[in-house]
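Asks: Before we start, here is the structure in question, set down as structure tokens.
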Amino acid sequence: MNKRKLNKRREFSEQIRRKAVKEFRSGKYTAQELADLYHCTPQTIYRWIYKYSPGDSPHVNVVEMSESADQKVNDLKQKIADLERALGQKQIKVDFYEKMLELAEEEYDLDLKKSTSSRSSSGSGSTTK
């Protein structure tokens, strides 16, 4: 006698599917752990994730741990602090050079800064015909 094994097909309500997706997205369980809990395959769990998560799609895998996002933020904050420090140092140099020019002008009675009101050079000679 041939015994045929019937496949059991289980139907899950949308509420259960959404609950499983929420548990997966919270990081409490992996897809395999959820599959074991709900007595289904991990592929079923992933199908639910793709269906009930707006940002997920089967063609795009986003692999990012929350620690890496935090690390990126900290790296960017450090970069901003470094740039602000460099900018502050450059501003101190500019202020120093301006004060030196001011003192040199007073001491030697010279106009060391280029005047914007002076006429620009017309080249090597006159061009009148």
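Coordinate-derived values only; no laboratory data. It should be emphasised that the depicted structure is a prediction, and the values quoted were computed from it without experimental measurement. Neighbour counts are summed over all protein chains in view; Cβ atoms, including those assigned to glycine, are modelled from backbone coordinates with ideal geometry.
Asks: Going by how many other beta carbons lie within 10 Å of each one, how would you line up F24, F12, F96, fewest first?
Replies: Arranged by neighbour count, lowest to highest, F24, F12, F96 become F96, F12, F24.
Asks: On to the next question. With θ set to phi - 60°, apply the Karplus curve 6.51 cos²θ - 1.76 cosθ + 1.60 along the stretch 31-48 and write out the HN-Hα couplings as whole Hz, x wherever there is a Gly or Pro.
Replies: Ordered by residue, 3J(HN,Hα) equals 4, 5, 5, 5, 4, 5, 5, 9, 6, 9, 9, x, 4, 4, 4, 5, 4, 5 Hz.
Asks: How much of the pair distance distribution for the stretch 64-110 lies past 18 Å, counting alpha-carbon pairs only, in percent?
Replies: Everything past 18 Å amounts to 58 percent.
Asks: Moving to a separate point now. Can you compute the radius of gyration and Dmax for the stretch 11-60, using only the Cα atoms, both in Å?
Replies: When restricted to the Cα atoms of the stretch 11-60, Rg and Dmax are 9.8, 27 Å.
Asks: Rank these for me by crowding, E102, E107, going from fewest to most other beta carbons within 10 Å.
Replies: Fewest to most other Cβ atoms nearby, the residues stand as E107, E102.
Asks: How much FRET efficiency would the formula 1/(1 + (r/R0)^6) give for K51 and K8, where r is the Cβ-Cβ distance and R0 is 30 Å, rounded to 0.05?
Replies: After rounding, the FRET efficiency stands at 0.85.
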